[in-house]
Amino acid sequence: MPDDLIIPAMLAGCAAFAGVVTYALVGRDLRGGARVAAALGSAVLVGLASVFVLYLSVAAFLACAVAYLVARRLLRPGLALAASGVVLLGGLFCAVVIMSIALSEM
């Protein structure tokens, strides 16, 4: 693989991983278009965050997935999705802040 394609391939891989895992996780709670929309939404968020913080966005997504699995046991599916969405946004925001601080201190 040429060196020019490594970064776009990693970005696409991060987004695809988030989309596939989300599609599988929400299968019990959502059907049809809502399931696809949730998967696309998480793939886009993780993909966009991966531009700034490549692997921290995947770690934030995995924390979101765990939060969803725990919240799904305690709350209704809609509330569990909302709570995990907040965890994902917070995790991605923290990852971007961590990377910007690290880069500014170099």
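For residues that are free of Cβ contacts under 8 Å to residues at least 40 places away in the same chain and either within 13 Å of Leu45 (Cα to Cα) or charged (D, E, K, R) (or both), tally how many sit in region 63-81.
Total meeting the criteria: 3.
Which numbered condition trips up Ala80, out of (1) part of a helix (DSSP H, G or I); (2) within 12 Å of the chain's Cα centre (by Cα); (3) not β-branched (Val, Ile, Thr)?
(2)
Go through (1) over 25 Å from Arg35 (Cβ atoms); (2) of a type outside the set (Lys, Arg); (3) at pLDDT 90 or above; (4) loosely packed, with under 12 Cβ neighbours inside 10 Å for Leu74 and report which single condition fails.
So the condition that Leu74 fails would be (1).
Those residues that are under 17 Å from Leu30 (Cβ atoms), under 11 Å from the mean Cα position of the chain (by Cα) and among the small types (Gly, Ala, Ser), I need them from region 55-77; list them, please.
Matches in region 55-77: Ala65 only.
Could you check region 52-62 and list, in sequence order, the residues that are in contact (Cβ under 8 Å) with a residue 40 or more places away in the chain and assigned to a helix (DSSP H, G or I)?
Phe52, Leu56, Ser57, Val58, Phe61
Please state which one of Gly19, Gly13 is in contact with a Ser or Thr (Cβ under 7 Å, 6 or more places away or on another chain) and closer than 23 Å to Leu69 by Cβ.
Within the list Gly19, Gly13, the selection yields Gly19.
Anything in region 2-35 that is farther than 18 Å from Ala82 by Cα, of a type in the set (Val, Ile, Thr) and surrounded by 12 or more Cβ atoms within 10 Å (Cβ to Cβ)? List them, or say none.
Hits for region 2-35 are Ile7, Val20.
Let me confirm something: among Ala38, Ala49, Ala95, which residue is within 10 Å of the chain's Cα centre (by Cα), surrounded by 14 or more Cβ atoms within 10 Å (Cβ to Cβ), part of a helix (DSSP H, G or I) and not β-branched (Val, Ile, Thr)?
After ruling out the rest, the residue left standing is Ala49.
The values are calculated or read from the model by the stated rules, or taken from the named source; none is laboratory data. None of these values were measured; they are calculated from a predicted model. Counting neighbours? That spans all protein chains shown, and the Cβs are built from the backbone with ideal geometry, glycine included.
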